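Beneath this line is the structure, given in structure tokens, with notes to follow.
The values are calculated or read from the model by the stated rules, or taken from the named source; none is laboratory data. Fair warning: this is a prediction, and the values are worked out from it, not measured in the lab. Note: ideal-geometry Cβ built from the backbone for every residue, glycine included; neighbour counts use all protein chains shown. Surface accessibility is based on the protein's heavy atoms, side chains included, excluding ligands, DNA and RNA. Shrake-Rupley method; radii C 1.70, N 1.55, O 1.52, S 1.80 Å.
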Amino acid sequence: MTLISAPAGSGKTFLLRSWIGEAGLAPSAAWVPVPRQERDPQRFWISVADALRGTAAGSTLVRELTAAPGLDGWAIVERLLNDLAPLDDPIWLVIDDVHELGPDETLRQLELLVMRGPPPLRFVLATRHDLRLGLHRLRLEGELAEIRADDLRFSLAEARELFAAAGVELSEPTLAMLHERTEGWAAGLRLAALSLAGHDDPERFAAEFSGSERTVAEYLLAEVLERQSEEVRCLLLRTSVLERVNGELADLLTSGSGSERTLQDLEQAGAFVVSLDARRSWFRYHQMFADLLELELRRTAPEELTGLHAAAAGWFAGHGYPVEAIRHAEAARDWDLAARLLSDHWVSLELDGQAATTHAMLAGIPASVVAADAELTALRAFDELERGSLEEAERQHTLAACMSESVPGDRRDHLHLTLTVLRLSLARRRGDLPAAVEEARLLLASMEAWGAVQDELRDDLSALAVISLGIAETWSVQYEDADRHFEQGVALARRVRRPYLEILGLAHWAVVAYMLPSPAAADSGTQAMELARRHGWTDEPVIAAACVAFGSQMLWQGRLDEAALWLEQGERAIREEADPVTALGLSYDRGVLELARGRDQDALAALRHAEHLARRVAAHHPLAIKTRAFLLHARVRLGQMQRAEQALSEMDSPEREAGEIHLALAALRLAEDSPRAATAALMPVLDGSAPVREPRGWVVQAFLLEAVARDALGDVPAVGSAVERALDLAELDGAMLPFLLHPAPELLSRHARHGTAHTALISRILNLLAGEQPQSASADPARLHTPLSDSESRVLRYLPTNLSAPEIAGELYLSVNTVRTHMRHVYEKLGAHSRTEAVELARALGLVAPSSSRR
């Protein structure tokens, strides 16, 4: 048996006729359409018997029913069952609009026929809502095929076919919008196609098409709204101001009771009411039906709109739904309530990634009201900051601070707290690291001092402050402190269920994991990306820091193609005007990547853009120094010696003394054939008097440049010592990037011939310089879903040796527990169950050399 249950206009009758035709059932199908509000059981059974006229039972029964009109329905069913018992040829009995059958007794009689009919007699029942038929046994036995509204909803492809058949051509975006607005409702799409056929401007008409369009409104009025009782119509109209409704809220707006049961009945009846939860307590109206209801309410009772919105605002506010409360308060023009709610919940909404929502709600309040209110002015500053107008954000912050005395006493602490969060956000976005640390600590202290802070807000702000401390410490190269604060902040964000804030912490923690062997941080980048995927935020700015971390890691290991993919994702996600620091990190990495690829002109463009971004962040930011250093490298590569010299002369004294700038100066002197001057420039880096802020790759570069300079001077022992030292550090950290930035293949080949502990590493470097990219770490997704962290990669390089975990720990100056944690993560990411299997898989993926060994 087939049961088709779908609302008006869903296309069920069209489906039935198409199905019968396509299946070749027309000769054996008996069609019984039930007239609206069929109240005469005998008339219905006459229709059934007439449909079965081709059978012996049908032909004789019609004559008897006509001659004896008082025959009981039960007797008719028994007669049909007896006469149909010998039926051999299959026949389909299709009964359409079964919901129109009046007495329950008729349904019971139909149930008897369905359950006891002979096997060749098959049924198709079509109805607008579920029937109270005892079909559970058929369902359990798998003998019941059920087709619901969702099954009949048109897909986008089917909608395209429908419009094409009607001769209507629409652009893909317009068609998609129309399909979304109608929710695939067959009648709505059909009415749209009819209206659009021959229209002068179909694109504009489609963009404006809604449930208030005349043909749609007439259909919904006749088929749905006018068929309801006065009480139900009142409920539908009064609750049409809501995006979602439950029984309690509907009772409030209608001054009635029992609304939940009414809504459940409407949903079951297919009256364009959709349940939103498994308990069927929250509901919404189909978009087209909601449009009609709003139109009818404005037409019949416009004076009630303000009161309905005000009542809804109060209910939502009292039940912890601030966004809906604010929207209804604005619709009721209750600016005081809207302002208080928006101020109370702004920070929490921002931390939930709802910046677009807060912007829209603030825009819904008149500008004159915002300008006269200190708390709203502070929120305006937040809004400008989120959109990247840092200068305007600072101006609005100053205005709000000047107006603080006008704020009522019971709101003043809240305003001061808001302004502290605002200053912290400004400092973080500008990369003003000392100010960010100061404001974060002030925020933590303020919450301790002001007992009026709500517990929920206290936890949110504590997590924000601690994560902000971690971000400032990360860029200040205070990785141990940052690691500790990220661990605390992410735990807090998880406890208060703020996934957006959790991703912010995890994404920046990934930068720490790249720089520091931290077991807690090892998978932070992977966790950030997974959480972002779960919430649909993979193209949101919040994940850009994780892309920087992954891109830097791949770049460091010489995996240039993989680095490019991560940087591209970060570039898609970032909004430079709103987060110039992370944008600077992406542009800096892009410039270094292009230098490593040998695309010097592209590198120069990326680094010049990074330098432009550096002007927007606080002075002497670590990334700014590194950007200028590599900008000098790019100019040297392009032969722009005079420009490089000029840039050096324009730097202030502290900047010129930075270790990174000394390396660039050494590269410049080598390009000018002045190897002695190059060694002089390198000496402060090598002896530590001009330290680099991140010693890893920069020190490898220093020894490599020292080797090149000593080679030019003919100092063979010094060359060998410098190359071996560079290789020692590179082997320890898996550094391939320095050898791509300062290629010296002949020098490395000569060093390998003269004896070295790093033959395999030199081989890999030479392969890279020859253009052979290492096999992608994600080439076999069944084995490696996420890249290894730098710490895990360092441990992995020791796995092919005979060293035990304690011995590896001694080699890497790590604790044994840390090494074992990294080994476990390596096994999990490779899908290995043993050390031997992990080594084999790693070699297959190109993560370790075929004969890589430390001993």
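Couple of notes before you dig in:
- Given (1) modelled with pLDDT of 80 or more; (2) in contact with a Lys or Arg (Cβ under 9 Å, 6 or more places away or on another chain), number of the condition SER155 does not satisfy: (2)
- Of all residues in region 288-310, those that are closer than 29 Å to ALA367 by Cβ and either under 34 Å from the mean Cα position of the chain (by Cα) or part of a loop (DSSP other than H, G, I, E, B) (or both) total 3.
- Every pair of residues 6+ apart whose Cβ atoms lie under 6 Å, when the first sits in region 815-833 and is closer than 16 Å to ALA513 by Cβ while the second is buried (at least 20 other Cβ atoms within 10 Å of the Cβ) and hydroxyl-bearing (Ser, Thr, Tyr): HIS822/SER791
Residue-by-condition table, conditions (1) within 60 Å of the chain's Cα centre (by Cα); (2) among the basic types (Lys, Arg); (3) surrounded by fewer than 13 Cβ atoms within 10 Å (Cβ to Cβ); (4) modelled with pLDDT of 80 or more:
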residue: SER59; (1), (2), (3), (4): no, no, no, no
residue: THR66; (1), (2), (3), (4): no, no, yes, no
residue: GLY70; (1), (2), (3), (4): no, no, yes, no
residue: GLU78; (1), (2), (3), (4): no, no, no, yes
residue: ASP89; (1), (2), (3), (4): yes, no, yes, no
residue: LEU93; (1), (2), (3), (4): yes, no, no, yes
residue: GLU100; (1), (2), (3), (4): yes, no, no, no
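- Among residues of region 617-636 being surrounded by fewer than 19 Cβ atoms within 10 Å (Cβ to Cβ) and either modelled with pLDDT of 95 or more or of a type outside the set (A, V, I, L, M, F, W, C) (or both), the one that is nearest to GLN478 (Cα to Cα) is PRO622.
- One residue from ALA634, ALA658, ALA667, ALA644 being more than 40 Å from the chain's Cα centre (by Cα) and touching a residue at least 40 places away in the same chain (Cβ under 8 Å): ALA667
- Qualifying residues in region 541-570 (those that are surrounded by fewer than 18 Cβ atoms within 10 Å (Cβ to Cβ) and charged (D, E, K, R)) - the one farthest from the chain's Cα centre (by Cα): ASP561
- Test set (1) within 17 Å of VAL581 (Cβ to Cβ); (2) aromatic (Phe, Trp, Tyr); (3) open to solvent by less than 20 Å² (accessible area, probe 1.4 Å) - TYR514 fails condition number: (3)
- Which numbered condition ARG497 fails, given (1) within 21 Å of ALA355 (Cβ to Cβ); (2) surrounded by fewer than 20 Cβ atoms within 10 Å (Cβ to Cβ); (3) in contact with a helix residue (DSSP H, G or I) (Cβ under 8 Å, 6 or more places away or on another chain): (3)
- Neighbours by Cβ (under 9 Å, 6+ apart or cross-chain): first from region 742-761, under 18 Å from VAL699 (Cα atoms); second part of a loop (DSSP other than H, G, I, E, B): PRO743/GLY598; LEU761/MET736; LEU761/ALA849; LEU761/SER852
- In this structure, ARG533 does not satisfy being surrounded by fewer than 21 Cβ atoms within 10 Å (Cβ to Cβ), free of Cβ contacts under 8 Å to residues at least 24 places away in the same chain, in a loop (DSSP other than H, G, I, E, B) and not acidic (Asp, Glu).
- In region 425-445, the residues that are on the phi > 0 side of the Ramachandran plot reach residues that are in a helix (DSSP H, G or I) and among the β-branched types (Val, Ile, Thr) with C-beta atoms within less than 7 angstrom, at least six apart or across chains, in these pairs: GLY431/VAL581.
- The sole residue among VAL692, VAL685 that is open to solvent by less than 30 Å² (accessible area, probe 1.4 Å) and not in a helix (DSSP H, G or I) is VAL692.
- Take the conditions (1) over 24 Å from the mean Cα position of the chain (by Cα); (2) in a helix (DSSP H, G or I); (3) buried (at least 19 other Cβ atoms within 10 Å of the Cβ); SER587 misses just one of them, which is (1).
- Residue ID - surrounded by the most Cβ atoms within 10 Å (Cβ to Cβ), chosen from residues in region 156-213 that are among the hydroxyl-bearing types (Ser, Thr, Tyr) and assigned to a helix (DSSP H, G or I): THR182
- Selection status of THR239, touching a residue at least 60 places away in the same chain (Cβ under 8 Å) and in contact with a Leu (Cβ under 7 Å, 6 or more places away or on another chain): no
- Evaluation of LYS626 against (1) more than 23 Å from TYR514 (Cβ to Cβ); (2) part of a helix (DSSP H, G or I) (one fails), failing number: (1)
- Residue within region 592-610 that is modelled with pLDDT of 90 or more, closer than 27 Å to LEU385 by Cβ and either surrounded by fewer than 18 Cβ atoms within 10 Å (Cβ to Cβ) or hydroxyl-bearing (Ser, Thr, Tyr) (or both) present: yes
- Close pairs from region 113-132: first surrounded by fewer than 19 Cβ atoms within 10 Å (Cβ to Cβ), partner in a loop (DSSP other than H, G, I, E, B) and not hydrophobic (A, V, I, L, M, F, W, C), Cβ under 6 Å, at least 6 apart: PRO120/PRO90; HIS129/GLY270
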